[in-house]
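Remarks on the structure that follows.
The values are calculated or read from the model by the stated rules, or taken from the named source; none is laboratory data. The shown structure was predicted, so the numbers you read here are calculated from the model rather than taken from an experiment. Counting neighbours? That spans all protein chains shown, and the Cβs are built from the backbone with ideal geometry, glycine included. In case anyone asks, the SASA skips ligands and DNA or RNA and just uses the protein heavy atoms, side chains included. Shrake-Rupley method; radii C 1.70, N 1.55, O 1.52, S 1.80 Å.
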Amino acid sequence: GAGDPINANCPGSYDGISGQDYSGIGHPTDPLMASTPLTLSGTSHNAALPWSKLSQATLDRTAFFHMMTNTPIHPQEPQVLQLMGSTPQHEMLPSLLAKAIGPCLGTIQTQPVAIGAASPSEALQFSGSALPIIPPLALKDTLTNPAGPLSNLQGLRDQTMNQIYAAYKSAGTPSQQQYIDQMVLSQQQVRSLNQSLLNQLTTNVTDNGVASQIAAAVILIQMNVAPVISIHIPFGGDNHSDASLGTETSDTAGTGTGVGAINSLMAALQAVSYQDKVTFMSLNVFGRTLAKAATTNGRGHNPNHHVSVIIGKPFKGGVIGGVGPVGGDFGCTSISSSTGAGGSGGDVAPADTLASFGKTMLAAVGGDPTQISSGTVIAGALA
């Protein structure tokens, strides 16, 4: 909801379109944000230094999607999540994604779980109903198993199941005995897995910060609780009065922090062999102004340019769309749906890039992109 300046320092904001002059785009001058080459699926680009710290395996499945959200208003984050009127019944994109993949994954619930939000505008909705924001500490208190009468019921249940098991083992048919054996083994496996994950929740969640949000999200994913989990990663925030773009550069709230959080998430998924099973997606209410002359003391709201970061097995590393002059500043260009290239000759107009982003996300996870009333699937973004 803050409209972080992700768009100002990522691949595609330094180069990408032949003949385009990028010298008028302002970037932080601090060495921590120096323009640095990196490779996305074999193609070289420049970006702020922090982006080059992502592993090559991650970069090769990272798409930087240049688009416009067509709003400069902070509280319209819900409308942006609804793709500005392009979704059925004003459903939010995270909810459309959840409905598409929840039944396939067999999650406990289809509704997304929001465990990180910096403002009410970041709350999610599902089928028109608002979903609660459950910070990591509240999640830990809810799911962990404190001593008490309710916990003691688990032992009582085990005792009853043992009696049933003994009865079937002595007098049941072979098929009944086999079924009971499978049930007991399955129960033991599930309890062992969940208890291990709950113990991790107790250990790894210490506050409501980004690291705890990531830890909680990865645990919920492993427990198959919900198909979509939302967290809040700061990338410089609402940096209007940001002298020399210091907040944008900051190693506590800026670009480096955001990329570092993504790196931590990717490492956590790798550690549990979920790197091919989870897709990361960011979507801000808008991007920030880019013109160099207007960035010495911060950046304003830019309804014409925003960049969403997508990372996952369904995606091909690269820059989708690009940047060009718009009304004294810079905005997104049209996009070629077949290649993902930006420029004046694309078949996806800037006004349709947000809806096209949503359609591409749905197509990538096996959903039905025709639910979204405008836009085009960007085949060039897909692996």
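Can you show me the helix-derived [θ] at 222 nm for the chain, built from DSSP H runs with n ≥ 4 at -39,500 (n - 2.57) apiece and divided by the number of residues, rounded to the nearest 500. Walk me through the numbers before you get to the answer.
On the way: 10 runs with 130 residues, N = 383.
Result for the chain: -11000 deg cm²/dmol, rounded to the nearest 500.
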Can you compute 3J(HN,Hα) from phi for each residue in the stretch 254-271, using the Karplus curve 6.51 cos²θ - 1.76 cosθ + 1.60 with θ = phi - 60°, rounded to whole Hz and x for Gly and Pro?
x, 4, x, 5, x, 5, x, 5, 4, 4, 5, 4, 4, 5, 5, 5, 4, 5
If you rank T110, T87, T142 by how much accessible surface each has, with a 1.4 Å probe, what is the order from largest down?
T142, T110, T87
How large is ³J(HN,Hα), in whole Hz, for each residue of the stretch 306-319 in order, when computed from phi with the Karplus curve 6.51 cos²θ - 1.76 cosθ + 1.60 and θ = phi - 60°, using x for Gly and Pro?
8, 10, 9, 9, 10, 9, x, 4, x, 10, 9, x, x, 9
State, in angstrom, two size descriptors of the stretch 188-270 derived from its alpha carbons: Rg to one decimal place and Dmax to the nearest whole number.
15.9, 58
Using protein chains only and a probe of 1.4 angstrom, how many square angstrom of D15 are accessible, to the nearest 10?
40 Å²
Do any chymotrypsin sites (Phe, Trp or Tyr not before Pro) in the stretch 48-119 lie in a loop, going by DSSP, with at most 13 other beta-carbon atoms within 10 Å of their beta carbon, and if so which?
none
Distant-in-sequence amide H partners of V228 (H built 1.01 Å from N, under 5 Å):
V113
For the stretch 17-114, calculate the relative contact order in percent as a whole number, restricting contacts to Cα pairs under 8 Å that are 6 or more residues apart.
13 percent
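Hey, how much of the P(r) for the stretch 310-364 falls beyond 15 Å, as a percent of Cα pairs?
Details: 712 of 1485 pairs.
More than 15 Å apart: 48 percent of the Cα pairs in the stretch 310-364.
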So how far, in whole Å, is the C-alpha centre of the stretch 250-281 from the one of the stretch 318-383?
24 Å
Mind listing the long-range amide H neighbours of A47? Cut-off is under 5 Å, sequence gap 5 or more, other chains count too, H placed in the peptide plane at 1.01 Å from N.
T36, L38
What is the Å³ per residue value for the convex hull set by the Cα atoms of the chain?
148 Å³
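If you take the C-alpha gyration tensor of the stretch 230-303, multiply each eigenvalue by 5 and take the square root, what semi-axes do you get, largest first, in whole Å? All intermediate terms of the calculation are to be shown ahead of the outcome.
Values: eigenvalues 172, 36, 14 Å².
Values for the stretch 230-303, descending: 29, 13, 8 Å.
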Rg and Dmax of the stretch 1-97, using alpha carbons, in Å: what are they?
16.1, 47
Once the whole set of protein chains is in place, how much accessible area is left on V365, using a 1.4 Å probe, in Å² to the nearest 10?
50 Å²
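Rg/Rh for the stretch 233-383: what does it come to with C-alpha atoms and Rh from Kirkwood?
Working: Rg = 16.6 Å, Rh = 16.7 Å.
My calculation of the ratio gives 0.99.
Probe radius 1.4 Å, ligands and nucleic acids left out: which of H27, H90, H306, H240 has the largest accessible area, and how do the rest follow? The partial results should precede the final answer.
Details: H27 45, H90 115, H306 0, H240 80 Å².
Result of the area sort, largest leading: H90, H240, H27, H306.
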When only Cα pairs under 8 Å and 6 or more residues apart are kept, what is the percent relative contact order across the chain?
26 percent
Among M161, M361, what's the order by accessible area (1.4 angstrom probe), most exposed first?
M161, M361
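Going by the alpha-carbon gyration tensor, a ≥ b ≥ c the square roots of its eigenvalues, is the stretch 52-118 rounded (a/c under 1.5) or, if a/c is not under 1.5, prolate (a/b greater than b/c) versus oblate?
Details: a/c = 1.84, a/b = 1.07, b/c = 1.72.
Judged from the Cα gyration tensor, the stretch 52-118 comes out oblate (a/c at least 1.5, b/c at or above a/b).
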GNM of the chain, Cα pairs under 10 angstrom: of T360, T107, T249, the biggest fluctuation goes to T107
Rounded to the nearest 10 Å², the accessible area of K169 at probe 1.4 Å:
80 Å²
At 7 Å along Cα-to-Cβ for each site, give me the label-to-label distance between N224 and A379 in nm.
3.5 nm
Connecting every pair of Cα atoms under 10 Å apart in the chain and solving the GNM, the largest mean-square fluctuation among A253, A293, A363 falls on A293
Which value, in Å², gives the accessible area per residue of the chain when a 1.4 Å probe is used on the protein heavy atoms?
43 Å²
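Multiply the residue gap between T160 and T296 by 0.36 nm, knock off their C-alpha separation, and tell me the result in nm, one decimal place. Walk me through the intermediate numbers first.
Values: separation 136, 0.36 × 136 = 48.96 nm, distance 7.06 nm.
Here the segment from T160 to T296 would lengthen by 41.9 nm.
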Ranked by GNM mean-square fluctuation in the chain (Cα springs under 10 Å), the top entry among L32, L124, L283 is L32
